[in-house]
Each structure stands twice: as C-alpha cells, then as structure tokens.
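Undergrad: Encoded as structure tokens, here's the structure I'll be asking about.
What follows is calculated from the coordinates using simple rules that are stated; it is not laboratory data. Here the structure is a predicted model, which means the values were calculated and not measured. Methodologically, a virtual Cβ is constructed for each residue, glycine included, from the backbone with ideal geometry; neighbour enumeration extends over all protein chains shown.
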Amino acid sequence: MTSFADLGLSAPILHALEDVGYEQPSPIQEQAIPPLLKGQDIIGQAQTGSGKTAAFGIPLMEYVDPEIRETQALVLTPTRELCIQVTQALRSYGARKNIDVVAVFGGAPIRTQQAQLRSGGHVVVGTVGRVMDLLSRGSLVLHSCRYVVLDEADEMLDLGFIEDVERILSSAPSSRQTALFSATMPPPIRALAERYLYDPVMVKVAAQNLTVDTVEQFRIEVASGDKAEKLAEVLAQERPTQAIVFVRTKIGCDRLGRVLKDRGMNVRVLHGDLSQGQRDGVMLAFKGGRVPVLVATDVAARGLDISTVTHVVNYDVPTSPDVYVHRIGRTGRVGRSGRAVTFVEARQKRELQEIEEHIGMALTEWKPGGHVTPAPVTERPRRHDKPKITRTGEGPWTTLLISAGRADGLEPGDLVHAFTAEAGLEGEAVRDVRVLERFSLLDVPARDAERVITALDGHRVKDARLGVEAARA
Ligand code: AMP
C-alpha cells in the first residue's frame, strides 16, 4: 500500500496531513500527486468524495514558496460553496508551511477581498465571476501564477462560465502547470483541455470505486402518491445522523419540505430560488449539525461536503447515472460508511437499470427493520412488530393541545421526540405538529390519545413543563 511518504512529500506537508487525520492516499491522490509533483498537466476525472481536493491541493502546497509574496497558484471553482470548502482544505494542508490562502467569491464585499490580496495570497481560490472582476480591476495579478486548477470544470460549463475560464487561463503565464478536474467529460471540456493543457496525464477513478466500497445502496419501489409517506418511514427506520434528500425540481423540493415540516420533522430546504443569504443560513445550520435532514436539488447541493452525512435519499430518481454517483458521493466519505436509498416509480425502471449498469451492481431492495441501530438508553425500545401503524387517512385522529410553544423555546422536533421516545409512538403516528407562540397542537391516533396524555402530561421538555390534553373539537 502506498503511503503519503512514498509519494515523496516534504515534512511540513506530511505533518499537516497527519494533523488532519489522513492516513493514506485515496486512489485519485495516488494517481494524481506523482505527475503533478513532476510538473505535468493532468486531467482528473473524479467526483466530490474521492479526495480530489487533496489530489491537486497537496502538490500545489508543495509547489508554493511562502517567501515569495505573489500569487503563485489559482484554483477556480464554479460555486461559492465549493470555493469556501477548497480554501479550508488548502489552508489545512498548508498550515505548517505558512502559506496564505485567500478565497474570493461573489456576494461578499469586493473591498475586503482586495485588501486580503494586497496583504498576501500565495494561493487564490475563487469563483469564476469574482476572479474576472478582480483581474479587470488589477487587484489580482497572475504573472507569477504557475499553477492553475479548474475544479469541477463540467459544472463551470453548465453554469455558462467557460468563456470566462478561457480568458482567465489566457491571462496566466503560458508556462504554467494546469490541472483540470471534472466529474464528467462532455465534449466542450475535452476541447478546453486540448486547447489549454500541455500533454496532460489522464487520471480517473471509476464510479465503482467511489460508491460500492463505502455506501450501501438500496432501492424502494413506490407509487408517486406514496412517496412522502415512504420517506417518513425510511427516515424513522434509518434514523440518520444527517441525511440529504434529493428532489429534482425546486417546486418539488419546497413541497416535500413543507410536508415533512408539517409532520413535525426538523428539515430545511436548499434550492436555487433561495437568496444567497438564505442558502448560507441553511448550509450553516446543516453543517453545524443543527438540522438532521436537508431536502435539496442537485444544483444547490453542489459540492456539499459534510462528513457527518450518513444517508442520501434519492426521492426522485437521478436524471443520469453520473448524477446518481455524484449524489451518492455525499455520503460514505473517504473511510466512512453511508447508506443510500433510491425511490423508483414503476415508470422509472429503465433509469434504475441504467444506474445499476453504470455502477456495476444491482441495488438491494430496502426493507423496514433491515437496519437496526441500537436505541439510545433514554428511549423506550421501538416496537416494530406492533399492530400496523396508523397511516395518514386511516382511522380517527385526536388533536392534542400542549401548553408550551415557541416562547418556551419549543421546536416541532422536540415534541416529536417526546411523543416517540417518551410516549412510545411511531414517528408516523405524530402528525400536523404546529408550534405556536404559547401553545402547540398535534394529532395522534385516537386510540393512543389517552395513553399518550397520561405518559406526557407534566413531562419536561427544555424549560417547559408540558400540559397535555385533548383539544376541543
Ligand atoms: P473531496 O473529494 O476532495 O471533496 O474530499 C472528500 C472528503 O474526504 C473530505 O472530507 C476530505 O477531507 C476527505 N479526504 C480526502 N483525502 C483523504 C484521505 N487520504 N484520507 C482520509 N480522508 C480524506
């Protein structure tokens, strides 16, 4: 097995990798680092999750001389999120070499970034638009830039940035070294590589390497009308630490987010119609672990790299096998395991088949109870073998009135937790949770109402003592 030391890295970099806890190179790193250290151009075909950032970032950090106070390397990213992630990663690899990494991206004051560039910036990581802007103002100068990376080039293409990318490449010295990373290789990206890279080495990690090893993959056949219900069941069963639920459209994303919130689940939605500020807020909440479930579109979730994501749910079948692999890459990060569940409607069998062919294996049918996580000791054991769960639209429901609300710091998730963990209800048996200012309402199956009231009346949640009673009709 190759180690980082075998790749010929210097002591400060090896030390930094130890600090971040990387024990051995991932396949893309093993392939890309040696040619990059030799000064060759490369084309890397690899998705998020493969360790591609370190594959180009480690040689880049080896290359930069902290004594020279000029911009020696530039990394271009399609999105602000990826820009920030790459910056953080590069800073950690260069931490023991005193290398200054500056992030430049739109939506933030350009003045601050100009000041950062004036006072340093051995390495600049930037989104295409902002880099163009800084170049045209003369705040960013590339004449000493000998290392350029295009990260997620196919996404730059999708976002319409390719012409700007070409302009930026033309303004860096032609003697520079160039690394192009892309999950897919559509013809315009190949053409770009032909024009701007010199005799590149191709490195590629097969999709299989990315997924099969670390992610357990399941499918569920489901009718379109039953999907939300099924999702609630999957989440209740799987109990993810964090899950990303992928939905094809922005409208679908909002709609599903609402359905889940109405069930009292702590979820946030992320899609392109949100303002940058809103997106940042959602990202922060999710990354900080305050939100367990994120409902997102592919575009919005681009480059999300969160090591605590344990589950990916494809609520809508991905539009292509590449997208599937990309989505699945969000869980089962290097050295960790994850689970992925794909919903398939009868008319989508073909798409499923294409995915299975692409990854070279069949997805396993998901079954409830197949994944048994030990319940925390404070929770009552769940009773999966109990009589059938009451489903939406079945049997009578009783609305309960709870004498605590937002003013007491209560959130829907707190109530769902109390009603499931403390009163032994299934997640699906708690619905329509509405937390108001001073009190809350929720529905439970009528036959459980009395027992639940007895179990929870007087129970403390956060700072509130819950008074629980049946609401008058
Ligand atoms: P990337 O594909 O660059 O987005 O990296 C995916 C994740 O893998 C990030 O959280 C990295 O910190 C992590 N990672 C990258 N290389 C290694 C490695 N050699 N060992 C362990 N984790 C790694």
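Undergrad: What share of the DSSP beta bridges in the chain is antiparallel, in percent to the nearest 5?
TA: 20
Undergrad: Turning to a different aspect of this structure: On a 0 to 90 degree scale, rounded to 10, what angle separates helix 11-20 from the longest Cα axis of the chain?
TA: 10
Undergrad: Right, something else. Applying a 10 Å radius around every beta-carbon, put 121-130, 150-159 in order of their mean neighbour count, most first.
TA: The packing order, highest mean first, is 121-130, 150-159.
Undergrad: For the chain, just the Cα atoms, rotate onto the principal axes and tell me the three extents in Å, largest first.
TA: Result, largest extent first: 77, 48, 39 Å.
Undergrad: Continuing with the same structure: Can you tell me how much longer the chain between D199 and L284 gets when fully stretched, taken as 0.36 nm per residue apart minus their C-alpha distance, in nm with one decimal?
TA: Result: 26.5 nm gained on full extension.
Undergrad: Okay, moving on. Please give the helix 227-238 orientation as an angle from the longest Cα principal axis of the chain, in degrees from 0 to 90, rounded to the nearest 10.
TA: Here the helix axis deviates by roughly 80 degrees.
Undergrad: Another one. Give the Debye-formula value of log10 I(q)/I(0) at each listed q (0.08 Å⁻¹), with one equal scatterer per alpha carbon of the range 5-205, two decimals each.
TA: Debye curve over Cα of the range 5-205, log10 I(q)/I(0) at q = 0.08 Å⁻¹: -0.23.
Undergrad: Beta carbons within 10 angstrom, averaged per residue: use that to sort the peptides 218-228, 85-95, highest first.
TA: Result, highest mean Cβ count within 10 Å first: 85-95, 218-228.
Undergrad: Cα centroid distance between the range 255-278 and the range 101-136, in Å?
TA: For the range 255-278 versus the range 101-136, the Cα centre distance is 31 Å.
Undergrad: At 7 Å along Cα-to-Cβ for each site, give me the label-to-label distance between R248 and K261 in nm.
TA: 2.4
Undergrad: Provide the per-residue ³J(HN,Hα) series for the range 58-70, in order, calculated from phi with Karplus coefficients 6.51, -1.76, 1.60 and θ = phi - 60°, each as a whole number of Hz, with x at glycine and proline positions.
TA: Going residue by residue, I get 5, x, 4, 5, 5, 6, 6, 9, x, 6, 8, 8, 9 Hz, with x marking Gly and Pro.
Undergrad: Taking amide H atoms as placed 1.01 Å from N in the peptide plane, list the residues 5 or more away in sequence, or in a different chain, whose amide H sits under 5 Å from that of E152.
TA: F181, S182
Undergrad: What does the charge count around T319 come to, taking other residues whose C-beta lies under 10 Å from its C-beta (Lys +1, Arg +1, Asp -1, Glu -1)?
TA: Here the count lands on -3.
Undergrad: For a bin width of 5 Å, list the pair-distance distribution of the range 209-365 built from all Cα-Cα distances, rounded to whole %.
TA: 2, 10, 20, 24, 22, 14, 6, 1, 0
Undergrad: How far apart, in nanometres, would the label points at Q353 and R447 be if each is projected 7 angstrom from Cα along the Cα-to-Cβ direction?
TA: 4.3
Undergrad: Please list, in chain and number order, the residues 5+ apart from V269 or on another chain whose amide H is under 5 Å from its amide H, with Hs placed from the backbone.
TA: Sorted by chain and number, the residues that satisfy this are V295.
Undergrad: Largest first and in whole Å, what are the equivalent-ellipsoid semi-axes of the range 397-470 based on the Cα gyration tensor, each being the root of 5 times an eigenvalue?
TA: 17, 12, 11
Undergrad: So if R0 is 51 Å, what FRET efficiency would A471 and I110 give, r being the distance between their Cβ atoms, rounded to the nearest 0.05?
TA: 0.40
Undergrad: Note down the nm distance, to one decimal, between modelled labels 7 Å out along Cα→Cβ at R190 and at S175.
TA: It works out to 3.3 nm between the two label points.
Undergrad: Next question, about the same structure. Once amide H atoms are placed 1.01 Å from N in the peptide plane, what residues at a sequence separation of 5 or more from V205, or on another chain, have their amide H within under 5 Å of its amide H?
TA: For V205, the qualifying residues are Q45.
Undergrad: Quick one: angle between helix 80-93 and the longest Cα principal axis of the chain, in degrees between 0 and 90, rounded to 10, please.
TA: Value to nearest ten degrees: 70.
Undergrad: Related question: Show me the ranking of peptides 30-41, 273-284 by mean Cβ neighbours inside 10 Å, starting with the highest.
TA: The densest-packed peptide leads the list: 30-41, 273-284.
Undergrad: Please compare each pair in K204/K230; K52/K367; K52/K97; K227/K287 to a cut-off of 30 Å on the Cα-Cα distance and tell me which ones are over it.
TA: K204/K230; K52/K367
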